[in-house]
1. How many of the residues in the stretch B:22-43 are surrounded by fewer than 24 Cβ atoms within 10 Å (Cβ to Cβ) and within 17 Å of the chain's Cα centre (by Cα)?
2. Residues in the stretch A:76-84: is at least one modelled with pLDDT of 90 or more and assigned to a strand (DSSP E or B)?
3. May I ask you to list the residues in the stretch B:328-350 that are modelled with pLDDT of 75 or more and among the polar types (S, T, N, Q)?
4. Consider the stretch A:54-72. How many of its residues are surrounded by fewer than 23 Cβ atoms within 10 Å (Cβ to Cβ), in a loop (DSSP other than H, G, I, E, B) and either of a type in the set (Phe, Trp, Tyr) or in contact with a helix residue (DSSP H, G or I) (Cβ under 9 Å, 6 or more places away or on another chain) (or both)?
5. In the stretch A:63-75, what residues are without any contact (Cβ under 8 Å) to a residue 40 or more places away in the chain and under 31 Å from the mean Cα position of the chain (by Cα)?
6. Taking the residues in the stretch A:21-51 that are among the aliphatic types (A, V, I, L, M) and under 25 Å from the mean Cα position of the chain (by Cα) as candidates, determine which candidate is surrounded by the most Cβ atoms within 10 Å (Cβ to Cβ).
7. What's the total number of residues in the stretch A:95-107 that are at the interface with chain B (Cβ under 7 Å from one of its Cβ atoms) and hydrophobic (A, V, I, L, M, F, W, C)?
Amino acid sequence: MIDFDDVSIAYQGADGPTLSHVNLHIDEGDFALVCGRTGSGKSTLLGAVNGHVPHFTGGRLSGRVRVASFDTREHPPRDLAAVVGVVRQNPLAGFVTDTVEEEVAFGMEQLGVAPAVMRTRVEETLDLLSIAELRSRALRSLSGGQQQRVAIASVLAAGARVLVLDEPTSALDPTSAEEVLAAMLRLVHDLGVTLLLAEHRLERVVEYADRMVVVDGGQVSSGTPAEMLATSPLAPPVVELGKLAGWSPLPQSIRDARRRAGDLRQRLAGLDPLAFPREAAPAQREVAANPALGLQARDIEVAYGRVRAVRRADLDLPAGEVTALLGRNGSGKSSLLWALTGVGAREGGTWCVGKVQLDREPSQARKLVRMVPQTASDLLYLNTVAAECAAADSENGREPGCCRAILDLLAPGIPADRHPRDLSEGQQLALVLAVQLAAKAPALLLDEPTRGLDYPAKAALGKALRELAAQGLAICVATHDVEFAATAADRAVVMAVGEIIAAGPVSAVLATSAVFAPQVAKTLSPAPWLSVGQVASALGSGK
Amino acid sequence: MNNRQRALHPGAWWLWAIGLAAAASRTTNPLALTLIAAVCCLVVASRRSDAPWALAFRMYLGVAVFVVLLRLGYHALLAGNGLTILFELPELCWPGSDLCVLGPVSAEAVLSGIYSGMQLGVMIVCVGAANALANPKRLLSATPGAVYELGSVIVIACAVFPQLAESVQRVSKARQLRSGRTHSRHLLREVFLPVFADALDRSLNLAAAMDGRGYGRRNTSCIPRGDTRTSSEIPEHHPTKFFDTLRGTPEHHPTKFFDTLRGTPEHHPTKFFDTLRGTPERVRDDDAESSAKVSSVLIVVAVLALCVGSYSILDSSAMPGGLGLGLLVGGLLVAGLGFWLAGLRNPHTRYRPDPWRGPESLTAICGIAVAVVFVALDRYGPDGLLHPPVGGLSWPQFSIYLLAGVLVAALPAFCTPAPPSSQEEER
C-alpha cells in the first residue's frame, strides 16, 4: 500500500539528507508503528507518505514514494486526499469548520462527493468512531480524545484507506489515549485500513503493531516488533524488563510479560522494593526531604464562572522531593498549579512556602514559586538563546552567566546564537527551565513537561528534576506519563473532578492503581516494583 | 414542515430584513417605524436560536436607541429654528459670523430629530434582526460555487479571532510567570512575538491540514479504484446547486427556464453549454479555460453595468431613470449568469445545504411585500402619510394600508418552523 523506493529527502540549508536511501514497504491492512528519537526524520517520513514533503515543506526528494500506486511526484497532497488521511498531534490546529458534523463532511465536500453519499458516509463514520452523540457539538468544546476521534473520522469519511497519525495520543491522559487507540484498532481490524502511526510512548501501542519501523539518523529499518525491539535503543519498560530477565521472545504486552514473570517474581520475593533506587544513577542527596520547608497549600478553590475547577484542595510539596500530579484531562491539575503561582484565578485558600505566607500579589509569589507552563515557548520572546539567558539573569538580579550555567547543566551544548524556536522540544524545555530556575525560587511547578519528549529526553528531564530536588527544591510535575512519574517522582497526588483523591509515596499510590500503575508494577504485582532500574539493582544485589 | 424544528435558510431572513429596512428607509412616520421595530422584535423573540450571534440583538437595540438620542441631541442643540420654543439655552456664536449653537430649542427640531433618528434606528434594528435570526456561517456556506473557496477562507478567518484572543490571554499569563513587568517597553515584544509566532505556526498547520484534505483541488483523477460513489456519479446538474436552492426544488429538477438554457430535460447539455462545461465526464483543459474566460468577461461586464446603473439611479440627471434601472437589473442578471458559469467548473459539493422550502419563500415574500407597500404608498398614497410634517405639531397620520402592510412582516413569527434548540439533535 505504501512503497518507498530508494527515497532520500534533503532540506535546503541542512547539512545532510534527513532521510537517505529509504526502502520501505507497508502492506495493505498493516498497522505499522514508526518510532525514533526526536529529530531522527520520523515526521519527514510520515509527511512524505501523502506528498506533504516536499510539495508543501520544500526540500528535495529523490527516489519514488507510491501510495496506493499513486506517485507523490505527480500528485500533490490535495489530490491524494481521497487516498491518504493525515492526523496530527494537535487536532484542533487542523480543524477547518467548527462543528463535528461539518468537519467530518469537509473533506468530502472538497472531493465533490455526491450529497446523498455524503450524508450516509457521515452517519456511518460517526458511528464507527462512536462520536454520533457529539454531532452538533462545537469542536473546541470537546475533550482531547474526542477531538482526535473527530479528526480520524474526518479523514476516514473522505475515503482514506491509509491513515498517517503523528503522535495522536501524546497530549492525552491514559484513558482518552485508550479510547483513541481502541478506535484505531477497530478500523484496522474491521475495515482493513492501513495505519502508519508515530508514537514516543511505545508502551501504549507496541503490542498491537504488525510492523515496527525504526528511524535513526535518516536510516530506516523495519521488521516485526519482536525483532526490532530486541535491538532498538527505544523500548517500553515491559520490553526492558524482558531483556533484563532474559526472556525470549521479548514480551510486548503486560499479558505476555505476566505469564512469563512467575520466575522473576520468585527471585524478587522477600526483597523490599523501597530499598532500591528507581533510577540507574541516583542523585546524591544534599538535604533531607523536609515538608516544613516546602510548599503547603490549604483549601485552594478555583472557579471559572459556574465551573468549580479545584475544590478545597490541600497540597503538600516537601522540599527535596519530586511530586507527580496525576489525573485525567480537565481534572483541575493545571488550574491548581496556576493558582499556586499567584497568577491564575483563585477563589479561596492559603498557601505558604517555608514560613512565608503568600497572598494574591503575583510578584511576591514569583520570588518563591516558579512555573514552566504547558506551552513552554510562551515564555520565550528573544532572538537567541544567549539573549534569553541574559534577560533571565537581569530580571532576577543574578550575575551574568548564571542562567547559561544552569542551562549547560540541564542540556549541555545548545549553541548560544540559535533561535529559541528552532530548538527541539527537549532543548526548548531545558531553556525555559533554566530561565525559571535562574530565579532560585524554592518551589518549582511543571505543567505537562513530558509531552513530545522521547525516552532519552524524558530520562534526562527526570534526572535533572531529581538533581534539583536533591539540592532542596520542592518540585511538582503535572503529567499523564505514569512511567515518567514512576521513575522520577517521590510522591504522587491524584486529582479527579477538582478534588485531590489520593496522595502519598509513589510506591503506595501508583503501584496499586488500575489506571496509573506503570508497566513494571502491573507485571510484578502485588509487590510494588515500579521501574526496571529498581528491579535491576535488586537482581544485582541478589547475586 | 411547520411542526418540525429546523433553522430557516439564512438568505430568507436576510431578504425579509432587507425588505423591512427598505420600507423603513421610505418613511419618517414614527407610528410606522415603531410598528416595524415591534414586528422585528416579535419575530426575533419567537424565532431566534440560543446561539451566540442570536444574543447580540439586544446590542443592536441599544445602538438604535443611542442613534435616536444622538440625532435628537444634534437637532435640538444645533438646528434651532421652529415656532414652538420649548426652552432657551444660552446661545454660543462664532465671533464675527452667524454660526450659532445652542440657543432656543424648538419642538419642531426635537420632533424632526426623533423622526430621522428613528428611521436610522429602525434600519439598524432590521439588520440586527437578520443577524440574530440567520446563522452567519450558514449564510457564507450558501455562497455560489464560484466563490466557494473565498467563502471558506472567510469562515476560517472568522474562526481565527477567538483563537488569537485565546493566545494573547495565554501568553500574557505566561509572561507574568517570568518577569511580571506590566508596563510598556517590552510589552509588544513579550506578548506579540509569541502570539504571532503561534499564529504563524497555526496557520501553517491549518494550511497543511487543508491541503491534505483536498482543499483547492481541481483534479479529480485520484479517486481510488473500487470507490465508485464519488464525483463521476454526481448528478450532472450538481453545480447548479445554488440555483436549485434558490428555486426551492429539493429534488434538483431544473425548472423550465434553466432547462432551456442547459438543454433537454434529460440534462444533455446543448452544444454551447457543452463547450462551456466540457464533457459531462471531465472538463477538458482547453474547454475549462474557455469557460473561465467567458465567465470572467461576463462578471466584468456585470460590474461595469452595476456601477453605471447605480450611479445613474443616485444621480437622476445623469441618465434617463429607466435606463439606470435597466442597467442595474441587467447587471445583476449578467453577474448571476457569470457566477453560475464559473460555478459549473467547481467540483465541490455541499453537505446538507439549507433547503429552501415554503416557509423560506413566505418569509422572503413578507419582507419584500412590506417594501412594496411602502414604495407604493410613497408614490400613490396621501401626502404626509409616510413623511408627517413636523411644522404643525400634529399627531402623525396613519392608515389601514400601513398597518396591514407592516403586519404582513410579522407572519414569519407564526408561519415558520421554530429553530432547533441547542440541546436537541439539530434539524
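1. Looking only at that region, the number is 2.
2. yes
3. Quick first cut of the stretch B:328-350, residues modelled with pLDDT of 75 or more only: B:328-342, B:348-350.
Result: B:Thr349, single match.
4. Of the residues in that region, 4 qualify.
5. So the first thing to find is which residues in the stretch A:63-75 are without any contact (Cβ under 8 Å) to a residue 40 or more places away in the chain, and the list is A:69-75.
Listed by number, the list holds a single entry, A:Thr72.
6. Taking the stretch A:21-51 first, the residues among the aliphatic types (A, V, I, L, M) are A:22, A:24, A:26, A:32-34, A:45-46, A:48-49.
Narrowing the set further to residues that are under 25 Å from the mean Cα position of the chain (by Cα) leaves A:32-34, A:45-46, A:48-49.
On the way: A:Ala32: 22, A:Leu33: 23, A:Val34: 26, A:Leu45: 27, A:Leu46: 23, A:Ala48: 29, A:Val49: 27.
Here the answer is A:Ala48.
7. Total satisfying the criteria: 3.
To keep it simple, each residue is scored yes or no on (1) among the hydroxyl-bearing types (Ser, Thr, Tyr); (2) at pLDDT below 75.
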| site | (1), (2) |
| --- | --- |
| B:Arg277 | no, yes |
| B:Pro280 | no, yes |
| B:Ala288 | no, yes |
| B:Val300 | no, no |
| B:Cys307 | no, no |
| B:Tyr311 | yes, no |
| B:Leu314 | no, yes |
| B:Met319 | no, yes |
| B:Gly326 | no, no |
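The values are calculated or read from the model by the stated rules, or taken from the named source; none is laboratory data. Since we're looking at a predicted model, the values are computed, not measured. Cβ: placed from backbone, ideal geometry, glycine included. Neighbour counts: every protein chain shown.
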